[in-house]
1. State all residues of the stretch 40-75 that are of a type in the set (S, T, N, Q) and out of contact with any Gly (no Cβ under 8 Å at 6 or more places or on another chain); if no residue qualifies, say none.
2. Only residues in the stretch 53-65 that are farther than 16 Å from I36 by Cβ count as the first member; pair them with residues that are acidic (D, E) and part of a strand (DSSP E or B), Cβ under 6 angstrom, at least 6 apart or cross-chain, and list the lot.
Amino acid sequence: MKLSRERAEQLALEYVNKDRNENFKLELIGVGISRIYPKYWAATFEVRTSQGDILEGPLLILVDDDLEKAMSLEEAVESHIANRDK
């Protein structure tokens, strides 16, 4: 992996904080290399209300180690499908 864990965490936090909402916040649980596809870092978050109650989770954000880009699971799947024959 060319990205450090700290850099992957930073990219994931920037991704989730770009569209902040006053009604909820995303709290980082952890970051590690994906067990399913090791080209990605996997950052997990809990979605919490403004009062601190868990709304849902865990939410998975993937960081592509090659592209140095954070994305949702759906975006990662779409990217993988679009690039699988390249």
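We did not get these values from a lab; they are worked out from the coordinates using the rules stated. Only a predicted model underlies this, so the values are computations on that prediction, with no experimental measurement involved. All Cβ positions, even for glycine, are placed from backbone atoms using ideal geometry, and neighbour counts span all protein chains on display.
1. Correct list: T49, S50, Q51, S72.
2. I54/E46; G57/E46
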